[in-house]
Amino acid sequence: MNFSKLCELFVSNCFLNRMVFTEADICQFSKSCNVKIDYKFLEQYSKNLKYPNYVTQKSLLGPCIFHPRDVYFKDVKYNVGKIINDLQLSKQNISPDAKMQKIVDYIYFI
């Protein structure tokens, strides 16, 4: 799987499940799936990402944050990057779809 397809998988699942995520979370998920990160693609992708129910907030010092319009991202009690580390997804020999489903299930259990 290449980086662009992995980004689509991650972002579409986040949108469907109304998850708050950052560009760093996409990179971390890519590393856990052993897919090389294409930073040029990620920069263009995050700039052009348009979804009617989502807001993109870019900070000068922090990462770009994507969240549903009706969710204040500072009230969210989970961190997708931390979940990836907690589940040790990089050590699991499963498909990226299955890894994404584990993240979604983990967030629903919180």
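Each value in this text was obtained by applying a stated rule to the coordinates, not by laboratory testing. Not measured: the values here are computed from a predicted model. Every residue, glycine among them, receives a Cβ derived from its backbone with ideal geometry; neighbour counts consider all protein chains shown.
Tell me, which residue of region 41-54 that is without any contact (Cβ under 8 Å) to a residue 24 or more places away in the chain and under 22 Å from Asn2 (Cα atoms) is nearest to the chain's Cα centre (by Cα)?
Ser46
Might you check whether a residue that is surrounded by 12 or more Cβ atoms within 10 Å (Cβ to Cβ) and touching a residue at least 60 places away in the same chain (Cβ under 8 Å) occurs anywhere in region 79-87? I'd like the intermediate steps shown before the answer.
Pass one, region 79-87, residues surrounded by 12 or more Cβ atoms within 10 Å (Cβ to Cβ): 79-81, 83-85, 87.
Still in the list and also touching a residue at least 60 places away in the same chain (Cβ under 8 Å): 80.
Within region 79-87, one or more residues are surrounded by 12 or more Cβ atoms within 10 Å (Cβ to Cβ) and touching a residue at least 60 places away in the same chain (Cβ under 8 Å).
So that you can scan it fast, the table gives a plain yes or no per residue for (1) surrounded by 11 or more Cβ atoms within 10 Å (Cβ to Cβ); (2) part of a helix (DSSP H, G or I); (3) in contact (Cβ under 8 Å) with a residue 60 or more places away in the chain:
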residue	(1), (2), (3)
Thr56	yes, no, no
Pro63	yes, no, no
Val71	yes, no, no
Lys74	no, yes, no
Lys99	yes, yes, yes
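I need the full set of residues from region 14-27 which are surrounded by 17 or more Cβ atoms within 10 Å (Cβ to Cβ) and touching a residue at least 24 places away in the same chain (Cβ under 8 Å), in order please.
Scanning region 14-27 gives Cys14, Met19, Val20, Phe21, Thr22, Glu23, Asp25.
Does Lys31 meet the test of being basic (Lys, Arg) and under 16 Å from Lys99 (Cβ atoms)?
yes
Mind checking which residues of region 28-40 are over 17 Å from Leu89 (Cα atoms) and either in a helix (DSSP H, G or I) or touching a residue at least 40 places away in the same chain (Cβ under 8 Å) (or both)?
Listed by number, the residues that qualify are Tyr39, Lys40.
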